[in-house]
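Beneath this line is the structure, given in structure tokens, with notes to follow.
A short reminder: the numbers here are calculations on the coordinates, not readings from a lab. Owing to the predicted nature of the structure, the values given are computational and were not obtained by experimental measurement. As a convention, Cβ positions derive from the backbone with ideal geometry for all residues, glycine included, and neighbour counts pool all protein chains shown.
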Amino acid sequence: MFNVAFFRRLAVSVLMGAAVLAGSMTTPASAELRIVIRDPNLSPMPFAVPTFVARNPAATDLANDITRVIAADLSNTGLFREIPRDAHVGRIDSFDAPIQFSDWTAINSRALITGSVLVEGDGRIVVQFRLYDVDAGAPLGEGLQFVGTADGWRRMAHKVADAAYSRITGEGPYFDSRVVFVSEVGPKDARQKRIGVMDYDGANVQYLTSSDSIVLAPRFSPDGSRIIYTGYESGFPKVTVIDVASLAKRTVGGVDQNMSFAPRFSPDGSRVVYSAEVAGNTDLYLLDIGSGSQTRLTSAPSIETAPDFSPDGSQIVFESDRSGAPQLYVMNAAGGEGTRISFGEGRYGTPVWSPRNDFIAFTKQNAGRFHIGVMRTDGSEERLLTGAFLDEGPTWAPNGRVVMFTRETAGANGAPALYTVDISGRNLQRAATPAAASDPAWGPLLR
Amino acid sequence: MKTTALLLIAALALTGCGNRLGQGGDGSGDGFGNGAGAGAGGIVAGSANDPTSVAYFQQTIGDRVLFAVDQSSLSSEAQATLAGQAQWMNSNPSYTALIEGHADEQGTRSYNLALGGRRANAVRDYLISQGVSADRLRTISYGKERPLQVCSTEACYSQNRRSVTVLAAGAGV
């Protein structure tokens, strides 16, 4: 079943009583072992992650697989650099044995991740890990233990990497998360699209819709249980909600609306803001999911579209061409005129409010190129993170420090792919997807 | 090959079946008036030189109009085409039309959907102004989802910024 990933049981507990943890501090993180993501002089921190100790023979392959996912998570951020295993001097044969820190300083490793894996008789797996500040010769934070079903092993690896990432950067975690996107096959003039969901790193892809009709811009509900998108199932573009577990679908929005599109859930999941076109004019509407009651938020002859809520749900950022070309505006979530926040050259669209409430990411089109950029929520400090023939549609990682977006190549054989970049503009990477893909939207951190 | 396909579409039209014809507006060829010459002299029923045929509407009158970048205003050339479409629809009251609005790939997905809606509605308004009953017309936007031409230069973009009037036999839309 495709939905298993959402219901894998995962229990987390703090490891107690290990001698090596005696005297360890839970806070604050060592001043030395620290990465500041926006530091312009940042160089990747060298770390070592020896293959996790298999506590029984059944755990041998899993221990290796889990270790490699942890290493990939950290390395792919561009903030960390793994020291290859064949360069290691020391060996970790027992999870609870004291660490010989000199073995790790000798290879210039600054962080060390150790762990163990046990496969229980009932098939459950137990993963333990600890993070060490090698220079300080001490653990960084407490040891953790994860217990879960075998098919959730990647999640446990992501949890370990998330803990290491968070303790060293001070930022929130994001590896244990999923992304919804549109998978695309076929020629440019007859693309077939369907909604896919995958782990943030491209693993565990599942498809939620068939390719029979066009689907656009899917987005998760805040709890990850539903996805809202624009679908042509009825023949006409309509905002549609699909339940991730049951795949039950229903359209939402008014019957008088010729087309409804560009939906997003409010942060509490109770409302949806979206665009609808009536007699050629596109405005913003707010729908209360529970009651079905609907409010029209804007009423200008211009195009108002691509709305997104602020993290507290009180404001909406959107795109309007009322000035003659698309620009970004912020308004009260109850509606109103809005205040323009984008003033640079070019056209601005698809604004998304960071879950950290510090930036708004957007698409910018200028001088024949497209960019993904960020600005403060008042429009100041605009910075462009990317530039290409066609970049569009940013979405924030749950920690608000990484943005994923669509990059489409030019020409008859042009195709879209998903890319990530961090908010400093560093570490542009193509995300793994089985086929061409567009319109990514990051889901919540999994529980 | 192309002529065969067009004749087939025209034949379907004559049977009066309720299916949409020339679905998508993309697959039925881009020839304006190139369907002539199917017969030597006489008018072949349903062919592009039969003024009551869908093929005539598509090719001789022209089923599409083009737009400038970001615009939904109708050029004089577009208005002439649409006047012909309206006249045809007024003479063939058993047909309804779905007006597709399309955009080129320069622009975000959501903005292009809205822009396609604007374009389709501009065409609808014009047909109504020429006497076509509103209840025979419906609009849909495909944004940049269904380009007709696939290159990434203005030569293709200009063909993709279009509306296409897709006829269907039968009353009501």
Dimensions in Å of the protein assembly as shown - Rg and Dmax from alpha carbons
28.5, 101
Averaged across A:167-178, how many Cβ atoms of other chains sit within 10 Å of each residue's Cβ atom?
0
Gap in Å between the Cα centre of the range A:203-234 and the Cα centre of the range A:236-300?
15
If you build the convex hull over the alpha carbons only and average its shadow over all orientations, what do you get for the range A:177-445? Give it in nm² to one decimal.
13.1
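Within 10 Å of each Cβ of A:212-219, how many other protein chain Cβ atoms are there on average?
2
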Can you pull the three principal axis extents for the Cα set of the range A:4-169, in Å, largest first?
47, 33, 32
Nearest-20 debye value, the range A:177-445 charge dipole, Cβ charges on Lys, Arg, Asp, Glu
380
Distance between Cα centroids, the range B:95-173 to the range A:50-107: provide it in whole Å.
58
Spelling out what I want: for every residue of the range A:340-350, take phi, set θ = phi - 60°, compute 6.51 cos²θ - 1.76 cosθ + 1.60 (Karplus), and round to whole Hz; glycine and proline get x.
5, 10, 9, 9, x, 6, x, 10, 10, x, 6
If packing is taken as the mean number of other Cβ atoms within 10 Å per residue, what is the order of A:308-320, B:150-162, highest first?
A:308-320, B:150-162
With θ set to phi - 60°, apply the Karplus curve 6.51 cos²θ - 1.76 cosθ + 1.60 along the range A:101-115 and write out the HN-Hα couplings as whole Hz, x wherever there is a Gly or Pro.
4, 4, 4, 9, 5, 4, 9, 6, 7, 9, 10, 10, 10, 10, x
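At 0.36 nm per residue, minus the direct Cα-Cα distance, what do A:Asp358 and A:Thr251 gain on full extension? Give it in nm, one decimal, please.
On the way: separation 107, 0.36 × 107 = 38.52 nm, distance 3.31 nm.
Length difference between fully extended and current span is 35.2 nm.
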When only alpha-carbon atoms are used, what values of Rg and Dmax, in angstrom, describe the range A:299-362?
11.0, 33
Would you mind working out the magnitude of the charge dipole of the protein assembly as shown relative to its Cα centre, with +1 at each Lys and Arg C-beta and -1 at each Asp and Glu C-beta, to the nearest 20 Debye?
500
Report the label-to-label distance for A:Ser94 and A:Arg447 in nanometres (one decimal), using points 7 Å from each Cα along the Cα→Cβ vector.
4.0
Angle between chain A longest axis and helix A:60-76 axis [Cα atoms, degrees, rounded to 10]:
60
Between the helical axis of A:153-169 and the dominant principal axis of chain A, each derived from Cα atoms, what acute angle in degrees is found, rounded to the nearest 10?
90
Here the whole-number average of other chain Cβ atoms within 10 Å per Cβ of A:381-387 is 0
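Assuming 0.36 nm per residue, please report the length gained on full extension of the stretch A:Asp122 to A:Ala410 beyond their Cα-Cα distance.
98.4 nm
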In nm, to one decimal, how far is the modelled label at A:Thr60 from the one at A:Ser211, with both set 7 Å along Cα→Cβ?
4.2
Under 5 Å between amide hydrogens, which residues at least 5 positions from A:Asp96 or on another chain qualify, with H placed 1.01 Å from N in the peptide plane?
none
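When Lys and Arg each count +1 and Asp and Glu each count -1, what net charge do the other residues less than 12 Å away from A:Pro263, Cβ to Cβ, add up to?
Values: positive: A:Arg219, A:Arg226, A:Lys238, A:Arg264, A:Arg271; negative: A:Asp308.
With Lys, Arg at +1 and Asp, Glu at -1, the neighbours total +4.
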Please work out the Kirkwood hydrodynamic radius for the range A:129-218, using every pair of different C-alpha atoms, and report it in angstroms with one decimal place.
15.9
Residue-wise, which Karplus ³J(HN,Hα) couplings in Hz belong to the range A:325-331, taking 6.51 cos²θ - 1.76 cosθ + 1.60, θ = phi - 60°, and x for glycine or proline?
8, x, 9, 9, 9, 10, 9
Whose amide H sits under 5 Å from the amide H of A:Thr350, counting only residues 5 or more places off or on another chain, with H placed in the peptide plane?
A:Thr363
Which order, highest average first, do A:109-119, A:63-73, A:82-92 follow once you tally other Cβ atoms within 10 Å for each residue and take the mean per peptide?
A:109-119, A:63-73, A:82-92
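Return the FRET efficiency for the residue pair B:Val44, B:Glu154: r is the Cβ-Cβ distance, R0 is 41 Å, and the value is rounded to the nearest 0.05. Display every interim value, and only then the final one.
On the way: r = 38 Å, r/R0 = 0.92.
That gives a FRET efficiency of 0.65.
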Could you sort out which of A:Lys238/B:Lys144; A:Lys193/A:Lys364; A:Lys193/A:Lys249; A:Lys188/B:Lys144; A:Lys364/B:Lys144 sit more than 19 Å apart by Cα distance in this structure?
A:Lys193/A:Lys364
Structure-based [θ]222 nm, chain A - -39500 (n - 2.57) summed over DSSP H runs of at least 4, per residue, nearest 500
-3000 deg cm²/dmol
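Tell me, in nm to one decimal, what length is gained between A:Ala203 and A:Gln429 on full extension, where the rule is 0.36 nm per residue of separation less the Cα-Cα distance? Could you put the intermediate results ahead of the total?
Working: separation 226, 0.36 × 226 = 81.36 nm, distance 1.59 nm.
Stretched fully, the A:Ala203-A:Gln429 segment lengthens by 79.8 nm.
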